[in-house]
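Trainee: This structure is in structure tokens; I'll ask about it shortly.
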Amino acid sequence: MKYLLDYQEGERVVAFCLVKSKEAGVASNQSEYLNLELGDRSGTISAKLWDVTPELKEEIQVKSVIKIDAAVQSYRGKKQLVIQRVRLATASDEVQMESLVPVSPFPADELWDKLMKAVDSLKSDTLKTIVTEALSDPETAERLRAFPAGVRMHHQYYHGLLEHIVSLLSAAERLLPLYPQADRDVLVATCILHDIGKLYELSDPIAPEYTTPGQLIGHLVMGVEIVSGICRKHDIPLGNAEVLHLKHCILSHHGDVENGWGSAVSGKTPTAILFHHLDMIDSKMNALGQTLSDMEDEEWAYSAVVKRKIWRGY
């Protein structure tokens with residue numbers, strides 16, 4: 001099966017895709033057109049729809065699933081679709097959501113099993129209660145099986161956050177023997193819960209946007225609020241040393257405050273500092289891996305995560 005980015009200039013595309021963004025414009029002949037960003041599991045591509053009727057302009061909205069008949073053209077050195085015909089998808093089309101968005105290469109069930117093994121390995125009753133309660137919430141579990149880790153920087157695909165968590169758990173287990181000064185249970189719990197606030201900071205897994213609470217509070221504080229709520233439910237004292245340590249690791253995991261990356265506090269324990277660097281390694285390596293895979297035959301390409309071009313000459 002071919003996806004949007006598989007088509008080459010001059011080819012005809014008949015496919016279902018997701019509207020990621022929409023911008024209306026007026027041509028020189030005063031007719032309206034739409035600039036669209038369309039996506040499927042292969043990625044996103046720009047598209048132009050000329051001579052838009054008022055009805056079609058109203059029908060096509062961000063997050064709409066549409067069927068297009070389009071031609072691939074080159075515009076300023078990049079592929080672009082010029083849509084000839086378009087309609088909204090219907091239930092009878094039976095479009096699978098996994099075909100419309102980029103998806104983690106690892107099956108969600110496989111990742112979830114590894115996550116549950118990590119939970120079972122916790123020796124602290126307090127931390128095990130907090131983590132188990134968080135993941136047993138039906139809404140949280142459903143979101144974690146679907147949400148990306150972010151909108152654009154890293155693991156920005158279907159169940160990308162779940163992949164990120166499991167990757168962190170794997171890295172933590174390998175490094176813990178080298179750094180006995182870190183608290184294993186707090187580190188494991190932090191791997192699992194550090195971004196749990198993102199499940200409510202972002203609107204949805206398909207075309208995520210930042211929610212109002214996400215913009216006003218942010219996922220670090222939202223994650224700590226979730227932990228505090230679980231503690232109150234289970235009569236776990238908020239002054240418990242493990243609870244304080246876990247919340248500190250969540251609030252400091254973006255690094256030193258003076259870096260301006262969003263931490264509420266700077267890391268003040270070996271565990272918090274180790275986790276910050278684990279998170280940075282995993283997020284940056286994932287983003288760089290995606291850049292490399294998108295480069296095709298190019299030797300150099302810009303990577304937003306490191307704000308410079310990277311080389312693929314090796």
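No lab work stands behind these numbers, since they all come straight from the coordinates. As the structure is a computational prediction, the values presented were derived from the model and not from experiment. As a convention, Cβ positions derive from the backbone with ideal geometry for all residues, glycine included, and neighbour counts pool all protein chains shown.
Trainee: Note down the relative contact order for the chain as a percent, whole number, built from C-alpha pairs under 8 angstrom at least six residues apart.
Mentor: Taking the mean separation of contacting Cα pairs over the length of the chain, I get 12 percent.
Trainee: I would also like to ask the following. Using θ = phi - 60° and the Karplus curve 6.51 cos²θ - 1.76 cosθ + 1.60, what whole-Hz ³J(HN,Hα) does each residue of the range 86-91 get, with Gly and Pro shown as x?
Mentor: Values per residue, Gly and Pro as x: 7, 8, 6, 5, 10, 4 Hz.
Trainee: Amide H neighbours of SER64 under 5 Å, counting only residues 5+ apart in sequence or on other chains, H built in-plane at 1.01 Å?
Mentor: Hits under the 5 Å cutoff: VAL19.
Trainee: Sticking with this structure for a sec: So what is the relative contact order of the range 177-314, in percent, for Cα pairs below 8 Å that sit 6 or more residues apart?
Mentor: The normalised contact order for the range 177-314 reaches 18 percent.
Trainee: Run the helix sum for the chain: -39,500 (n - 2.57) per DSSP H stretch of 4+ residues, divided by residue count, reported at 222 nm to the nearest 500 deg cm²/dmol.
Mentor: Using -39500 (n - 2.57) per qualifying helix, the result is -12000 deg cm²/dmol.
Trainee: Please list the non-local residues whose amide H lies under 5 Å from the amide H of VAL103, H modeled 1.01 Å from N, same-chain partners needing a gap of 5 or more.
Mentor: It is TYR158, by chain and number.
Trainee: Another question, then. Rounded, prolate or oblate, given the Cα gyration tensor of the range 50-103, with a/c below 1.5 counting as rounded?
Mentor: oblate
Trainee: Something else now. Answer rounded, prolate or oblate for the range 207-314, using the Cα gyration tensor with square roots of eigenvalues a ≥ b ≥ c: rounded when a/c is under 1.5, else prolate when a/b is larger than b/c, else oblate.
Mentor: Judged from the Cα gyration tensor, the range 207-314 comes out prolate (a/c at least 1.5, a/b above b/c).
Trainee: So, one more: Once you mark the GluC sites (Glu not before Pro) that are in a DSSP loop and have at most 13 other Cβ atoms within 10 Å, what is the longest gap between them in the chain?
Mentor: Result for the longest clean stretch: 95-208.
Trainee: Still on this structure: Span-like helices, the chain: DSSP H, alpha-carbon axial extent 27 Å or more, mean Kyte-Doolittle -0.5 or greater, which ones?
Mentor: Length and hydropathy pass: 270-294.
Trainee: Further question on the same structure: If a/c stays under 1.5 just call it rounded; otherwise compare a/b with b/c (prolate if a/b is bigger, oblate if not). Do that for the range 4-98, with a ≥ b ≥ c from the square roots of the Cα gyration tensor eigenvalues.
Mentor: The shape class here is oblate.
Trainee: Another question, then. With a cap of 11 neighbouring Cβ atoms within 10 Å, and only residues DSSP puts in a loop, list the trypsin sites (Lys or Arg not before Pro) found in the range 91-175. Intermediate results must be reported in sequence, preceding the final value.
Mentor: On the way: sites: LYS114, LYS117, LYS123, LYS128, ARG143, ARG145, ARG152, ARG174; in loops: LYS123, ARG145, ARG152.
Listed in order of number, the matching sites are LYS123, ARG152.
Trainee: Please report the orientation-averaged projected area of the chain, defined via the convex hull of its C-alpha atoms, in nm².
Mentor: For the Cα atoms of the chain, the hull's average projected area reads 19.5 nm².
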